[in-house]
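Asks: One structure is given below, represented as structure tokens, and several questions about it will come after.
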Amino acid sequence: MDLQTKIPLKRQPYNQIDYDSKVLFLGSCFSENIGQKFDYYKLQSVINPFGILFQPLAIENLITRAINQSYYEKNELLKVQDRWVCLDVHSRLDRSSEDDLLNLLNHHIDKTGQQLRTSSHIVITLGTSWVYRFIETDEVVANCHKIPQKKFLKELLKVEEIEESLHSMVSLIKSVNKEVSVLFTISPIRHIKDGIIENNQSKSHLISAIHNVVDPRHKLHYFPAYEIMMDELRDYRFYKEDMIHPSQLAIDYIWEKFKPVWFTDEGLSMIESIGKIQAKLSHKPFNSDSVEHKKFLAQLELDINNIRKKYPYLSF
């Protein structure tokens, strides 16, 4: 008896990911969940240089600035309580010094621009269609940084606006990196603060817009992380205690679905080998001076060196 609604997945026939690939993750915190898997298995990846970005206009803005090398200036920063902030980026970039924030932002402009030009794959994860417009500047922001809500207007992006934003992202990226594969996903994290009905409306706008843009012939793809969570994992035991974010079990499950679709056979083999090494590295011996443990360490060093012969850039 099958007690799940399975999402049909097909192996990506070309432009798969391996240990020579360079992958840039942008977007919702779910992109960080999968990006952390890449980091754990020592794949070449960069995860959200500007922090978590939930909505498409925020991602488009930073892609535009990075490609055009449009550096930030002090008049684009705000002081909120004792911290300097930029409304275009996540609060984890906030700094106590105005100069420190400015230097950090412009460092990431350069870093992201370089990644956009050299990545083999870019994964863009959208979380919501709801945006906040800062009344003082009449501009849509990426993060409100705990500024009073009365200073913002809340708006729902139309499908056409999201589609236009996605086309703009792709056009910009392809203008500097013609061969890159762009993989869109939708975060399964539910934005309950917007309301249950409003969250569903928001996700539906994202889904419609993305599927109007996806075109495998032009290396524009979609991976159904949202659908896997909503249908295959239709149970609250796959959520964290807040009943909003996917649990580690759910993240692991979606990762296991992602791997056979997007990785080459060689990539899958390497993931398995590095997973074994990572498990050994976290091993805590009962007696670190024992002969058995010394043999264990010698074999571990041999395993690592064998992998480094093929991929010398890997560090453990």
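The values are calculated or read from the model by the stated rules, or taken from the named source; none is laboratory data. Owing to the predicted nature of the structure, the values given are computational and were not obtained by experimental measurement. Glycine gets a Cβ as well: all are built from the backbone with ideal geometry, and neighbour counts include every protein chain shown.
Asks: Considering the stretch 252-287 alone, what residues qualify as being touching a residue at least 12 places away in the same chain (Cβ under 8 Å) and acidic (D, E)?
Replies: E266
Asks: Next up: Of the residues L166, L172, only one is closer than 27 Å to R11 by Cα, surrounded by 15 or more Cβ atoms within 10 Å (Cβ to Cβ) and either at pLDDT 95 or above or over 19 Å from the mean Cα position of the chain (by Cα) (or both); which?
Replies: Matching residue, one of L166, L172: L166.
Asks: Here are some conditions: (1) among the hydrophobic types (A, V, I, L, M, F, W, C); (2) crowded, with 22+ Cβ neighbours inside 10 Å; (3) within 21 Å of V180 (Cα to Cα). F30 meets all but one. Which one does it not meet?
Replies: (3)
Asks: OK, next. Any chance you could count how many residues in the stretch 215-253 are over 19 Å from S28 (Cα atoms) and of a type in the set (F, W, Y)?
Replies: 1
Asks: Now, a different point. Within the stretch 224-248, take every residue that is touching a strand residue (DSSP E or B) at 6+ places or on another chain (Cβ under 9 Å) and part of a loop (DSSP other than H, G, I, E, B) and give me the one that is surrounded by the most Cβ atoms within 10 Å (Cβ to Cβ). Can you show your working first?
Replies: Kept after step one, since they are touching a strand residue (DSSP E or B) at 6+ places or on another chain (Cβ under 9 Å), are these residues of the stretch 224-248: 224-227, 229, 233, 238-240, 245-247.
Remaining after also requiring part of a loop (DSSP other than H, G, I, E, B): 224, 233, 240, 245, 247.
Values: P224: 21, L233: 19, K240: 14, H245: 18, S247: 15.
Only one residue tops the list, namely P224.
Asks: Can you go through K10, K42, K6 and tell me which one is buried (at least 19 other Cβ atoms within 10 Å of the Cβ), among the charged types (D, E, K, R) and either modelled with pLDDT under 95 or part of a loop (DSSP other than H, G, I, E, B) (or both)? Spell out the reasoning first.
Replies: Numbers: K10 fails: buried (at least 19 other Cβ atoms within 10 Å of the Cβ); K6 fails: buried (at least 19 other Cβ atoms within 10 Å of the Cβ).
Just one listed residue meets the conditions, K42.
Asks: I want to confirm something. Restricting to the stretch 175-196 and keeping residues that are modelled with pLDDT of 95 or more and part of a helix (DSSP H, G or I), which single residue is surrounded by the fewest Cβ atoms within 10 Å (Cβ to Cβ)?
Replies: So the residue we want is S175.
Asks: Being surrounded by 14 or more Cβ atoms within 10 Å (Cβ to Cβ), of a type in the set (A, V, I, L, M) and in contact with a Leu (Cβ under 6 Å, 6 or more places away or on another chain) is true for just one of V85, V89, V80. Which residue is that?
Replies: None of the other options fit; the residue is V85.
Asks: Can you tell me how many residues in the stretch 119-144 are surrounded by 14 or more Cβ atoms within 10 Å (Cβ to Cβ) and either at positive phi or polar (S, T, N, Q) (or both)?
Replies: So the answer is 6.
Asks: Moving to a separate point now. Being under 23 Å from the mean Cα position of the chain (by Cα), more than 17 Å from K111 (Cα to Cα) and among the aromatic types (F, W, Y), is that true of even one residue in the stretch 50-69?
Replies: Yes - at least one qualifying residue is present in the stretch 50-69.
Asks: Kindly list the number of the only condition in (1) of a type in the set (K, R); (2) in contact (Cβ under 8 Å) with a residue 24 or more places away in the chain; (3) farther than 26 Å from T112 by Cβ that fails for K219.
Replies: (3)
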